[in-house]
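Notes follow once the structure below has been shown.
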Amino acid sequence: MLVIHGGAGVTRDSIDAGEAEVARQALMQALRAGHAQLLAGKPALEAVTAAVAVLEDAPSFNAGRGAVFTHDGRNELDAAIMDGASGRAGAVAGVRTIRNPILLARAVMEQSPHVMMVGEGAEAFAAAQGIERVDPSWFRTEKRWQQLQKALREEAAKQAHADFDTARAIGTVGAVARDAQGRLAAATSTGGMTNKRYGRVGDAPIVGAGTYADAQCAVSGTGWGEYYIRAVAAHEICARVRYAGQDLRGAAMSVINDDIPRAGGDGGAIAIDADGGIALPFNTEGMYRGWIGADGVPHVAIFADEALEEPGDRSRIK
Ligand code: ASP
């Protein structure tokens, strides 16, 4: 079982029918890429890596190519990966030239004694590891650039505001998987939030906040990162499963749809448990999302009013 998301920031007026179709195709491609790994008997870790790398390369989503812009007009990318079976994790933050930040996060996990590397140090490590680097223009899309220009105009119009605004344009990509041996993994990659300040790091690369996996539960989040960090959201979901005896769906719903909005944030998450149970809660207008099970048929949805078929039975889930 593989579950993916492409961010909870999508609204009906932010994409037209053609863009929605392109995004659906990319979601299906990511599901198939991850599923091929599972089918080949590879661990969950390979499936989430493959799925996220496809989503990073797809300009529809705010990760890798198509990432949102910082206040000063650059792309700074964050990513993390965690292997539930071994408890190992790797993360990078604030990288600017890494085509697939998830591959660098994985290299940090597997080829270094560290868990997280940032900025220039992470880029130097990438060079040493032979990880593909690109000119920063690779990440640029006109749509994301215009989103920044709009955010800057809105910010200028609110000059009385002492603080800066991070525009509510969110979107991230992520995957969680359970392989044939019951091992779980989670991966998340993002450009962060439009108009974020230089050096801002969101929840995606922070183990326990936007990304978490253990032997029983794996989660990848998307949403207003500051709230996910404060709620330690991904770990909180798994902790409720483990210590409070909640089922995965209940735990994920209560953290994402009760706690985060109560604190003032919004967003969504995908989660999977050791039995292959899944949850995809979100409290925004839409979340690019999908899953693929043993039969290899991809299921995808975008907006909140589109139900997604439930694995196992024919009922519907969100
Ligand atoms: N959570 C990401 C961040 O705050 C953004 C997102 O999911 O859209 O960096």
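The values are calculated or read from the model by the stated rules, or taken from the named source; none is laboratory data. Keep in mind the model is a prediction, meaning the values are calculated, not measured. Reconstructed Cβ throughout: ideal geometry from the backbone, glycine too, with neighbour counts over all protein chains shown.
Report, by residue number, each residue of region 185-201 that is among the aliphatic types (A, V, I, L, M) and more than 10 Å from the ligand (Cβ to nearest atom).
First pass over region 185-201, keeping only residues among the aliphatic types (A, V, I, L, M): 185-187, 193, 201.
Result: Ala185, Ala186, Ala187.
Just name the residue that is nearest to the chain's Cα centre (by Cα) out of those in region 293-318 that are modelled with pLDDT of 85 or more, surrounded by fewer than 17 Cβ atoms within 10 Å (Cβ to Cβ) and not aliphatic (A, V, I, L, M).
Applying the filter and picking the extreme gives Phe303.
Within region 240-250, is there a residue that is buried (at least 18 other Cβ atoms within 10 Å of the Cβ) and over 30 Å from Gln29 (Cβ atoms)?
yes
When residues of region 93-113 are filtered for being in contact (Cβ under 8 Å) with a residue 12 or more places away in the chain and farther than 25 Å from Arg178 by Cβ, how many remain?
Residues of region 93-113 in contact (Cβ under 8 Å) with a residue 12 or more places away in the chain: 93-112.
Going one step further and asking which of them are farther than 25 Å from Arg178 by Cβ, we end up with 93-99, 111-112.
Adding up the residues that qualify gives 9.
Kindly check whether there is at least one residue in region 214-231 that is more than 10 Å from the ligand (Cβ to nearest atom) and of a type in the set (S, T, N, Q).
Within region 214-231, the subset more than 10 Å from the ligand (Cβ to nearest atom) is 214-219, 230-231.
Retained after the next criterion (residues that are of a type in the set (S, T, N, Q)): 216.
Yes, that holds for at least one residue.
Scan region 152-163 and tell me whether some residue there is surrounded by fewer than 24 Cβ atoms within 10 Å (Cβ to Cβ) and either within 12 Å of the ligand (Cβ to nearest atom) or modelled with pLDDT of 95 or more (or both).
Initially, region 152-163 is screened for residues surrounded by fewer than 24 Cβ atoms within 10 Å (Cβ to Cβ), giving 152-163.
Remaining after also requiring either within 12 Å of the ligand (Cβ to nearest atom) or modelled with pLDDT of 95 or more (or both): none.
Taking every residue of region 152-163 in turn, none turns out to be surrounded by fewer than 24 Cβ atoms within 10 Å (Cβ to Cβ) and either within 12 Å of the ligand (Cβ to nearest atom) or modelled with pLDDT of 95 or more (or both).
Specify which of the listed residues (Ala180, Ala269, Ala175, Ala204) is part of a loop (DSSP other than H, G, I, E, B), touching a strand residue (DSSP E or B) at 6+ places or on another chain (Cβ under 7 Å) and either under 29 Å from Val108 (Cα atoms) or within 15 Å of the ligand (Cβ to nearest atom) (or both). Show your work before the answer.
Numbers: Ala180 fails: touching a strand residue (DSSP E or B) at 6+ places or on another chain (Cβ under 7 Å); Ala269 fails: part of a loop (DSSP other than H, G, I, E, B); Ala175 fails: part of a loop (DSSP other than H, G, I, E, B).
On inspection, the qualifying residue turns out to be Ala204.
Might you let me know whether region 193-204 holds any residue that is surrounded by 21 or more Cβ atoms within 10 Å (Cβ to Cβ), modelled with pLDDT under 95 and either within 22 Å of Val48 (Cβ to Cβ) or under 14 Å from the mean Cα position of the chain (by Cα) (or both)?
yes
Since Ala23 meets every condition but one in (1) crowded, with 24+ Cβ neighbours inside 10 Å; (2) of a type in the set (Gly, Ala, Ser); (3) closer than 24 Å to Trp138 by Cα, which condition does it not meet?
(1)
Could we say that Ile131 is at pLDDT 95 or above, within 14 Å of the ligand (Cβ to nearest atom) and either among the hydroxyl-bearing types (Ser, Thr, Tyr) or farther than 30 Å from Pro311 by Cβ (or both) here?
Answer is no for this residue.
If Gly7 satisfies every condition in (1) among the small types (Gly, Ala, Ser); (2) away from the ligand (no atom under 16 Å from the Cβ); (3) crowded, with 24+ Cβ neighbours inside 10 Å but one, which is the exception?
(2)
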